[in-house]
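For reference, the structure discussed in these notes is given below.
The values are calculated or read from the model by the stated rules, or taken from the named source; none is laboratory data. Note that the structure is a prediction, hence the values are computed from the model and not measured. We place every Cβ from the backbone using ideal geometry, glycine too, and count neighbours over all the protein chains shown. Ligands, DNA and RNA are excluded from the accessible area calculation, which covers all protein heavy atoms including side chains. Shrake-Rupley method; radii C 1.70, N 1.55, O 1.52, S 1.80 Å.
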Amino acid sequence: MDQPLKVQRFHAQVWYQSMLLAAVCGLATLWLLSVDRATAPQIAVQQRADRQAMFDAVLSPSLYDNSLVDSLVPVPGGTPLTGEVLLYPAVRGGALVAVAAEFKVAGYGGPMQLVLAVDAQGTLYGVRLIHHRETPGLGDRMETAKSDWILAFNGRSLDNTPTATGLCLT
């Protein structure tokens, strides 16, 4: 059955189409906001677990008794590329035993995010590459899934670190 001519003219009006589009956009926005609010707590829990796993990769949890995730000490400064350094003191029995540091360094493809842990004597517990945008193949030696090169830093003094041809860390 055909719609009456009056209804067809009504639907052809720009204001009607604009209102219909606004209503659809409003409903989509409300749906997205509700999904965001419903998933935010689980996302926060997972982000916290990921951050703790990042620390566990460079510093054994048996060495400290505080929560590294909750002991953030931001150090402002740096450059627009590197930004601030995030320090996480590891404490056991009230004494500082190590510090985990999260920071960015310049790479060819953009900033590379690293985390490392060092004790009070300047000995590295570990270093891990968290994120990079290097050309595949160029940064592979820094990824533990592709090479154990980065593990050569473990147990070394900050003054005695390994080097590699084609891969520069400063």
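Residue by residue, the stretch 34-40 carries 3J(HN,Hα) couplings of 5, 5, 4, 5, 6, 9, 4 Hz when phi is fed to the Karplus relation 6.51 cos²θ - 1.76 cosθ + 1.60 (θ = phi - 60°); x denotes Gly or Pro. Once Rg/Rh (Cα atoms, Kirkwood Rh) is calculated for the structure shown, the corresponding label among (1) 1.29; (2) 0.98; (3) 1.33 turns out to be (1). Between residue 20 and residue 120, the modelled labels are 7.3 nm apart [label points 7 Å from Cα along Cα→Cβ]. Let a ≥ b ≥ c be the square roots of the eigenvalues of the Cα gyration tensor of the stretch 24-123; is it rounded (a/c under 1.5), or, if not, prolate (a/b larger than b/c) or oblate? Judged from the Cα gyration tensor, the stretch 24-123 comes out oblate (a/c at least 1.5, b/c at or above a/b). When shorter helices are ignored and each DSSP H run of at least 4 residues is given -39500 (n - 2.57), the per-residue value for the chain at 222 nm works out to -11000 deg cm²/dmol. Applied to the stretch 60-71, the Karplus parametrisation 6.51 cos²θ - 1.76 cosθ + 1.60 on θ = phi - 60° returns per-residue 3J(HN,Hα) values of 5, x, 6, 7, 9, 10, 9, 8, 4, 4, 8, 10 Hz, with x for Gly and Pro. Converting phi to 3J(HN,Hα) with the Karplus coefficients 6.51, -1.76 and 1.60 and the offset θ = phi - 60°, the stretch 17-30 yields 5, 5, 5, 5, 4, 4, 5, 5, 5, x, 5, 5, 5, 4 Hz in sequence order, with x at every glycine or proline. Just the protein heavy atoms count here, and of the accessible area of the chain at 1.4 Å, carbon and sulfur take up 61 percent.
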